[in-house]
Structure formats: C-alpha cells, structure tokens
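Okay, so here's the structure we're looking at.
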Amino acid sequence: MNLKALCEEAGVKLYDSELVSENGKKIYRIYIMKEGGVNLDDCARLSEILSPIFDVDPPVNGEYFLEVSSAGLERKLSTLEHFEKSVGEMLKITTSEKEKIQGKLVKVEGENIFLQDEKAEICINFHQIKKAKTFIEW
C-alpha cells in the first residue's frame, strides 16, 4: 500500500502519520496538506478511500481508530521533507545544545536549514535540531 499515492488520489499530500495510544485506544493518525488549506471534505474523502483498503490490509495490528486531519498551521517538523514543505514559514527551533532560535525558513540545502531572524541568516544542521515547529504570528 502506497499511502502517499492514495493521498494524491484524494487531491491532498501526505504530511505525516503516527500511531498513538489515547485512553487505552490505538489511533492511527494521518496528517495531510493541500495548497490553499485542508477542509473537512478533504479529510472525509481520504478516509473513504482508505477505510476499505485498511479493512483488507490494516496499517497496524489489532483494533484501532483511523483519524485523518490537517497538518495544521502550527505543526511539528521532524524530517527534512517537513522542512522543505515549510519554506517561507516562521519556525521555532530548539537545538540539541538547548539554544532557542526562531525565524523565517529561507531554504533547505542538503541537511542544512537556513533561517532568517531580525539580524542575520542562520544555518543549522538538521542533526543539531532537537525540536522544531512552525508558528503563526498573530
């Protein structure tokens, strides 16, 4: 099963997926993105495509609940691809040395992430990032 291709069939792009346990229940979450934003119909359409496929070929063992949702305006970044999809957005990064940096994501080159803060362009190697997320200035 190619989850990325199935998302594209529904007119959206796969951002991430995760298996979590909440209140003793397994939840398989799929996060999606779309130019112009994701709406409820996008989530429902993808869920309708995936449900019969997952009935035959489940993504996890045992009983689980499927959730499809937008990746959101403020979302965690955990892969280089997440950073590449977020160029132009504002980020908050915590490095492995516990340094906190925020700025606009300018570009991703190889494993280097380039942010522009008020003073200068900052280059951070992907492997030095402990935590990163996008944020919106309200």
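Approximating the spin labels as points 7 Å out from Cα along Cα→Cβ, the Asp41-to-Lys130 distance works out to 4.5 nm. Can you give the FRET efficiency for Glu84 and Glu22, using 1/(1 + (r/R0)^6), R0 = 25 Å, r = Cβ-Cβ distance, to the nearest 0.05? Taking R0 as 25 Å, the efficiency between Glu84 and Glu22 is 0.25. A simple packing score, the average count of other Cβ atoms within 10 Å per residue, orders the peptides 115-125, 75-85 as 75-85, 115-125, with the highest score first. Taking a ≥ b ≥ c as the square roots of the eigenvalues of the Cα gyration tensor, the range 24-99 is oblate, since a/c reaches 1.5 or more and a/b is not larger than b/c. What is the list of residues in the range 69-108 whose amide nitrogen lies under 16 Å from a point 7 angstrom out from the Cα of Arg29, following Cα to Cβ? Under 16 Å, as judged by backbone N against the label point of Arg29, lie 69-79 of the range 69-108. Listed by chain and number, the aspartates and glutamates placed with their C-alpha closer than 15 angstrom to that of Lys130 are Glu97, Glu99, Glu111; residues fewer than eight positions away on the same chain are left out.
A simple count of charges around Lys26, restricted to other residues whose Cβ falls under 12 Å of its Cβ and scoring Lys, Arg +1 and Asp, Glu -1, yields -2.
Pop out the carbon and sulfur fraction of the accessible area of the range 36-133 as a percent, whole number, probe 1.4 Å. Answer for the range 36-133: carbon and sulfur cover 49 percent of the accessible area. Tilt of helix 40-56 relative to the longest C-alpha principal axis of the chain, in degrees (0 to 90, nearest 10)? Result, in degrees: 60. Only Cα pairs under 8 Å and 6+ residues apart enter the sum, and on that basis the relative contact order of the chain stands at 19 percent.
Report Rg(Cα)/(2.2 N^0.38 Å) for the range 51-138, keeping two decimals. Mind showing how you got there, number by number?
Details: Rg = 16.6 Å, N = 88, 2.2 N^0.38 = 12.1 Å.
My calculation over the Cα atoms of the range 51-138 gives 1.38.
Subtracting the Cα-Cα distance of Glu121 and Lys13 from 0.36 nm times their residue separation leaves 35.9 nm of extension gain. Per residue of the chain, the DSSP helices (runs of n ≥ 4 H) give a summed -39500 (n - 2.57) that works out to -6500 deg cm²/dmol at 222 nm.
The values are calculated or read from the model by the stated rules, or taken from the named source; none is laboratory data. Every value quoted in this text rests on a predicted model; they were computed, and no experiment measured them. Cβ atoms come from the backbone with ideal geometry, glycine included; neighbour counts cover every protein chain shown. Side chains are part of the model used for accessible areas, which takes the heavy atoms of the whole protein and leaves out ligands, DNA and RNA. Shrake-Rupley method; radii C 1.70, N 1.55, O 1.52, S 1.80 Å.
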